[in-house]
1. Would you check if residue 12 is touching an Asp or Glu at 6+ places or on another chain (Cβ under 7 Å) and modelled with pLDDT under 95?
2. Which condition does residue 21 not pass, out of (1) in a loop (DSSP other than H, G, I, E, B); (2) exposed (fewer than 12 other Cβ atoms within 10 Å of the Cβ); (3) among the polar types (S, T, N, Q), if it passes all the others?
3. Just give me the residues in region 57-83 being among the hydrophobic types (A, V, I, L, M, F, W, C), closer than 21 Å to residue 38 by Cβ and surrounded by fewer than 18 Cβ atoms within 10 Å (Cβ to Cβ), in sequence order.
4. Using beta carbons and a limit of 9 Å, which pairs, at least six apart or on different chains, have the first residue in region 30-41 and on the phi > 0 side of the Ramachandran plot and touching a residue at least 60 places away in the same chain (Cβ under 8 Å) and the second one crowded, with 19+ Cβ neighbours inside 10 Å and of a type in the set (D, E, K, R)?
5. Out of region 84-103, which residues are closer than 19 Å to residue 34 by Cα and surrounded by 20 or more Cβ atoms within 10 Å (Cβ to Cβ)?
Amino acid sequence: MLFLNNKIMKKSKAYIAGPITSIPGNIAEMKFTQARLILKLYGYDVIDPYLLNKGIKRTWLGYMIVDFLFLIKCDTIYMLRGWKQSKGAKIERFIAQILRMQIKYQEIHSIPIVLKSPKCRNNQIQ
């Protein structure tokens, strides 16, 4: 929860939507992890369906039913690049529209990542 002028304010809750079963697991995990971290930096409580279902064997419909139960508790849906190629993400977006949720789309350069700089050693700029 956030506090503003001594009043408790509810944090926005964002659900990440994008392809999971149609791409390799390590790629899906990376994309959802990056989105989750960025959304947390912007102050959202984040629902990550990749984590919800990680290591659990279900049918595709079983995954979607669990995801829908979490989606409807959110006020924002964050659509990852490639969502149009995901049957599940398209359904999640449709539900978000019906519920009048805020819909945000991942932009091409929305996730800056610095892995290593040649002029940086031990987290010190040289």
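The values are calculated or read from the model by the stated rules, or taken from the named source; none is laboratory data. A quick note: this is a predicted structure, and the numbers were derived from the prediction, not measured. Quick reminder, even Gly has a Cβ in these numbers, built from the backbone with ideal geometry, and neighbours come from all protein chains shown.
1. Details: touching an Asp or Glu at 6+ places or on another chain (Cβ under 7 Å): yes; modelled with pLDDT under 95: yes.
Taking the combined requirement at face value, the residue satisfies it.
2. In the conditions (1) in a loop (DSSP other than H, G, I, E, B); (2) exposed (fewer than 12 other Cβ atoms within 10 Å of the Cβ); (3) among the polar types (S, T, N, Q), residue 21 misses (2) alone.
3. In the first step, residues of region 57-83 are kept if they are among the hydrophobic types (A, V, I, L, M, F, W, C); the result is 60-61, 64-66, 68-72, 74, 77, 79-80, 83.
When the remaining residues are screened for being closer than 21 Å to residue 38 by Cβ, the result is 70-71, 74, 77, 79-80, 83.
Of everything in region 57-83, just one residue is among the hydrophobic types (A, V, I, L, M, F, W, C), closer than 21 Å to residue 38 by Cβ and surrounded by fewer than 18 Cβ atoms within 10 Å (Cβ to Cβ), namely 70.
4. That search, which allows pairs on different chains as well, returns nothing.
5. 86, 89
Conditions tested, residue by residue: (1) of a type in the set (S, T, N, Q); (2) at pLDDT 95 or above; (3) within 12 Å of residue 16 (Cβ to Cβ); (4) in a strand (DSSP E or B).
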{"position": "30", "(1), (2), (3), (4)": "no, no, no, no"}
{"position": "63", "(1), (2), (3), (4)": "no, no, no, no"}
{"position": "91", "(1), (2), (3), (4)": "no, yes, no, no"}
{"position": "97", "(1), (2), (3), (4)": "yes, yes, no, no"}
{"position": "107", "(1), (2), (3), (4)": "no, no, no, no"}
{"position": "116", "(1), (2), (3), (4)": "no, no, no, no"}
